[in-house]
Amino acid sequence: ELQQKAEETELLKMELQMLETERVRLSLLEEKLMDVLQLLQQLRDLHISKRALGKILLSTLESCRDPQPGKAHLFEVLDTLYHELTACELLQSQPLETAQSRQSLSNPLVISC
């Protein structure tokens, strides 16, 4: 019986470790998603055209067509989209103080659970 309890404890430890790993992965994914949503919000406020936004999205999807081994595909797509959005000319031409003041405001995209 003691051996069985030890095995159950070991299994529970492994399960807890897997859950913690998944929690960290989801936290990183959520953080990247929030970054992408904030950039999209900024571009919307700057009146980006649907065509320009479509080109950014298609470019992202094209570059992520073949998943990189060892990297989560969803995170790779979000990361690539983030970099494509940050390279957008509208954001590059935005005055620095405007960009900083928008980031300092409370985030309207946060959803409380």
> Can you tell which of THR86, THR9 is of a type in the set (S, T, N, Q), modelled with pLDDT of 95 or more and either in contact with a Cys (Cβ under 7 Å, 6 or more places away or on another chain) or open to solvent by less than 100 Å² (accessible area, probe 1.4 Å) (or both)?
Replying inline: THR9
>> Just the residues that are of a type in the set (Gly, Ala, Ser) and either on the phi < 0 side of the Ramachandran plot or in contact with a strand residue (DSSP E or B) (Cβ under 6 Å, 6 or more places away or on another chain) (or both), please, taken from segment 39-76.
In response: SER49, ALA52, GLY54, SER59, SER63, ALA72
> Among (1) over 13 Å from LEU81 (Cβ atoms); (2) within 18 Å of the chain's Cα centre (by Cα); (3) not hydrophobic (A, V, I, L, M, F, W, C), which single condition is ASP66 missing?
Replying inline: (2)
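For the condition touching a Cys at 6+ places or on another chain (Cβ under 9 Å) and at pLDDT 90 or above, what is the one hit in LEU43, LEU26, LEU57, LEU19? Spell out the reasoning first.
Details: LEU26 fails: touching a Cys at 6+ places or on another chain (Cβ under 9 Å); LEU57 fails: touching a Cys at 6+ places or on another chain (Cβ under 9 Å); LEU19 fails: touching a Cys at 6+ places or on another chain (Cβ under 9 Å).
Selected residue: LEU43, the only one of LEU43, LEU26, LEU57, LEU19 that is touching a Cys at 6+ places or on another chain (Cβ under 9 Å) and at pLDDT 90 or above.
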>> Exactly one of these conditions fails for VAL110: (1) under 15 Å from the mean Cα position of the chain (by Cα); (2) modelled with pLDDT of 80 or more. Give me its number.
In response: (2)
> Regarding SER49, is this residue closer than 21 Å to SER93 by Cα, of a type outside the set (Asp, Glu), free of Cβ contacts under 8 Å to residues at least 12 places away in the same chain and open to solvent by less than 70 Å² (accessible area, probe 1.4 Å)?
Replying inline: yes
> If you go through segment 12-27 one residue at a time, how many are open to solvent by 100 Å² or more (accessible area, probe 1.4 Å) and under 21 Å from GLU76 (Cα atoms)?
Replying inline: 2
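The values are calculated or read from the model by the stated rules, or taken from the named source; none is laboratory data. Here the structure is a predicted model, which means the values were calculated and not measured. Here the Cβ is made from the backbone with ideal geometry for all residues, glycine too, and neighbour counts use every protein chain on show. Calculation scope for accessible area: heavy atoms of the full protein, side chains included, ligands and nucleic acids excluded. Shrake-Rupley method; radii C 1.70, N 1.55, O 1.52, S 1.80 Å.
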